[in-house]
Amino acid sequence: MALFDTRSKDIRNLPGFGLTATLAVAFLYAPILFLVLYSFNSGRSISRLDGLSWQWYQAVFANEEIAGAALNSVLLAVIAASVATVMATAAALAMVRMKVRRRAAAYAVLNFPLMVPEIVTAIASLIFFSSVGLGLGFGSLVIAHTTFCIPFAYLPITARLTSMDPALESAAADLYARPWRRFTLITLPLLAPGLISGWLLAFIVSLDDFIISSMLSGPGSTTLPVHIYSMLRLGITPEVNAVSSLMVAASALVVIISGLIARKQT
Amino acid sequence: MKLHRLLLAPSLGTILIFMALPIAITTLYSVLTPAQYGGVIWEPSSEAYIRLLFERDIFDDTLTFNTDYLQILGRSVLQAGVATLLCLFIGLPTAWFIATRPAGQKSLWLMLVTVPYWVNLLVRTIALLLILRDEGPINRALHAIGLTDGPLPLAYNNFAIGLGLVSSFLPFMILPLYAAIERFDFSLLEAAYDLHANRRQAFFEVVLPILRPGLIAGGLLVFIPGIGSYLAPDILGGGKTLMLGNLIGMQFQGSRNWPFGAALSTILMAVTLIALFIIARRAAREDA
């Protein structure tokens, strides 16, 4: 068996591993690149490239339903990510100072949303909001999104917090800084990269959601993924490609921003 | 201490009230009677769980064993299981390759496998359908070079769903494995070679046992979302082959049988929690 050739002892470079990695990356990107390419097609076809044009993007920008859904999505993601980040920051600040044994239960609750399959969250929220009389719509969407965003905001924040030097805060305390000033002058600025990463991750996770939003959104509170899904009833059209490509662009922008922050951090 | 409670209360309270409580209510709904147009009537009933295994005759009320729903359950487990194995076979070499690159290349490769995770899942699923279609680039390329006469059935079947699950969750396998390999102490391998292990023994008896926590974490991160997956079977399966997620969703859209949907989702939740519990206990035992 060539893979386990006894003459070669070097296990770091195994034959075929580089090829597998390259193919894996190609498999992840090829469909997306293809979708983006065809969004610039000048014809209506999604299988034959006639030429390049902006026309499908113009059609998307002129479509008021898409604009409304996009606005809902962004508003929802901004509110949910912001509220989740504030809650997660408070939780992280408490957790680092707590005794290990007391931490376990709180940690299990904080991570709970990560363990629930999305479809279960979706229908449990639908049952909950309709049975307590809150009804469906934007308000319910905000609550549900904030809830499942909390652990995603929490992870980068707590990672940053645990890597911070506690001596800096005690130094401030030695210089008679009151707790609130210690927090705003020392802890918060040092924590900033973690806060931004946490917020961006929560923002993307909220924007990514389809199934929970599709169960909870009432008329008028449709999010962009839910709207794209409803466009699919007519099959994949160049408009679907164009609006999907815009979502890819938005994700790429967020990745670049968080990459720049990570680089600054080190 | 009081301050700690105050700081923890908003996040823990939100999760308990708006996620844990709704799941508890869902379990309660699974033993109630369905109302005609969605919702429930507050009368206890085990009908939802009976329905999973039996079909009730509408005329004489007799029960006959029916495997339709069990088949969907089995298919979901199978699809998610196969996808997890595929992710493992692709993810392990990929993660190994990335972790053994020099520092500069490493971050580039990591970025490459993380970025797709940030792209909307619905968009990624549509993109995959676009290239698997009968008129998609793969089929047209195969036809153009004369390998096939007609289009290969790549879309709207179990194969497409499986491919969709792999592409949805592959980063979840690569990243924990990468973290595990990154921490791996390669001098352990030199020790193994000094003790006359060959490459195969070194890999299976030294490397794999140490990577096990990463393998398990990656496996769970693929299997759990895979089993309840909604978009891949819905879009890539063309609605022909249902998985558990679609069956649950249907009970709240067209069919309107909330208790049955609640029962199915209770079962999915139970399976998930049992899997997590077993693994957490095993991890605790290994730590001790």
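Every number here is computed from the coordinates shown, using simple stated rules; none is lab data. If you're wondering where the values come from, they're calculated on a predicted model, not measured in any experiment. Quick reminder, even Gly has a Cβ in these numbers, built from the backbone with ideal geometry, and neighbours come from all protein chains shown.
Before moving on, here are some points about what is shown:
- Mean Cβ count within 10 Å, highest first, over the residues of peptides A:151-161, B:149-159: A:151-161, B:149-159
- Taking a ≥ b ≥ c as the square roots of the Cα gyration tensor eigenvalues, chain B comes out oblate, since a/c reaches at least 1.5 and a/b does not exceed b/c.
- The protection proxy used here, the mean number of other Cβ atoms lying within 10 Å of each residue, ranks peptides B:235-242, B:174-181 as follows, highest first: B:174-181, B:235-242.
- The charge dipole of region B:68-250, taken about the Cα centre with unit charges on the Cβ atoms of Lys, Arg (+1) and Asp, Glu (-1), comes to about 140 debye, rounded to the nearest 20.
- Highest mean packing comes first when the peptides A:42-50, A:200-208, B:83-91 are listed by Cβ atoms within 10 Å, giving A:200-208, B:83-91, A:42-50.
- For region A:98-107, 3J(HN,Hα) per residue [Karplus equation, 6.51 cos²θ - 1.76 cosθ + 1.60, θ = phi - 60°, Hz, x = Gly/Pro]: 8, 5, 3, 5, 6, 5, 4, 5, 4, 4
- Cα-based shape type of chain A, given that a ≥ b ≥ c are square roots of the gyration tensor eigenvalues and the cut on a/c is 1.5: oblate
- The H on the amide N of A:Gly218, modeled in the peptide plane, is under 5 Å from the matching H of A:Gly137, A:Phe138, each at least 5 residues off or on a different chain.
- Close amide H partners of B:Phe54, meaning residues 5 or more places away or on another chain with modelled amide H under 5 Å apart, are B:Asn66.
- B:Ala35 long-range amide H proximity, modeled H, under 5 Å: B:Val40, B:Ile41, B:Trp258
- Scalar couplings 3J(HN,Hα) for region A:208-222, obtained by applying the Karplus form with A = 6.51, B = -1.76, C = 1.60 to θ = phi - 60°, are 6, 5, 10, 5, 5, 4, 5, 6, 9, 6, x, x, x, 10, 4 Hz; x denotes Gly and Pro.
- Peptide B:94-106 shows a mean partner chain C-beta count of 4 within 10 Å per residue C-beta.
- Relative contact order (percent, whole number), chain A, Cα cutoff 8 Å, 6+ residue spacing: 29
- Span from the region B:233-257 Cα centroid across to the region A:15-48 one, whole angstrom: 28
- Aspartates and glutamates whose Cα lies under 19 Å from that of A:Lys99, excluding same-chain neighbours fewer than 8 positions away: A:Asp165, A:Glu169
- Comparing Cα centroids, region A:156-207 and region A:71-108 end up 13 angstrom apart.
- Karplus-derived 3J(HN,Hα), 6.51/-1.76/1.60, for each residue of region A:47-53, Hz, glycine and proline x: 10, 10, 8, 8, x, 10, 7
- Summary of the geometry: region A:243-260 and region B:38-80, compared by the centres of their Cα atoms, lie 44 Å apart.
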